Amino acid sequence: MISDKLMDELSGEIERTLKAMAKAKTPEEKLTYSMTVKNLCQSMGVFLQAAADYMEYADGNDEDFERPF
């Protein structure tokens, strides 16, 4: 599923950025990495919230999702 791949890629990018931040020497570099991590985490939060909203909707409206079997 495309959302699984997206979440995996976001997680990987967050991890890579955190590792790079650990190696940063100057406060400016650390700030840049910190802001990048914050933005990536917020992006991930948007997708997680959308998934939660969908699951909440789907749970309350099972009759809209009839299964053919």
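The values are calculated or read from the model by the stated rules, or taken from the named source; none is laboratory data. All of these numbers come straight from a predicted model, not from anything done at the bench. Positions of Cβ are generated from backbone atoms using ideal geometry, with glycine treated the same way; all protein chains shown enter the neighbour counts.
Among the residues that make up segment 36-54, is at least one of them surrounded by 10 or more Cβ atoms within 10 Å (Cβ to Cβ), within 13 Å of the chain's Cα centre (by Cα), among the aromatic types (Phe, Trp, Tyr) and at pLDDT below 95?
yes
If the Cβ limit is 8 Å and pairs must be 6+ apart or interchain, which residue in segment 10-35 that is closer than 24 Å to Leu48 by Cβ pairs with which residue that is outside any helix (DSSP H, G or I)?
Tyr33/Ala24
List the pairs whose first member sits in segment 44-69 and is among the small types (Gly, Ala, Ser), whose second member is modelled with pLDDT under 85 and not in a helix (DSSP H, G or I), and whose Cβ atoms are under 7 Å apart, counting only residues at least 6 apart or on separate chains?
Close Cβ pairs satisfying both conditions: Ala58/Phe65.
Residue check, Glu13 against (1) modelled with pLDDT under 95; (2) under 11 Å from the mean Cα position of the chain (by Cα), all met but one. Which one?
Tallying (1) modelled with pLDDT under 95; (2) under 11 Å from the mean Cα position of the chain (by Cα), Glu13 fails exactly one: (1).
Quickly run through segment 1-30 and pick out the residues that are surrounded by fewer than 10 Cβ atoms within 10 Å (Cβ to Cβ) and within 18 Å of Gln42 (Cα to Cα).
Taking segment 1-30 as the starting set, the residues that turn out to be surrounded by fewer than 10 Cβ atoms within 10 Å (Cβ to Cβ) are 1-2, 4-5, 22-23, 25-28.
Within segment 1-30, Asp4, Lys5 meet the criteria.
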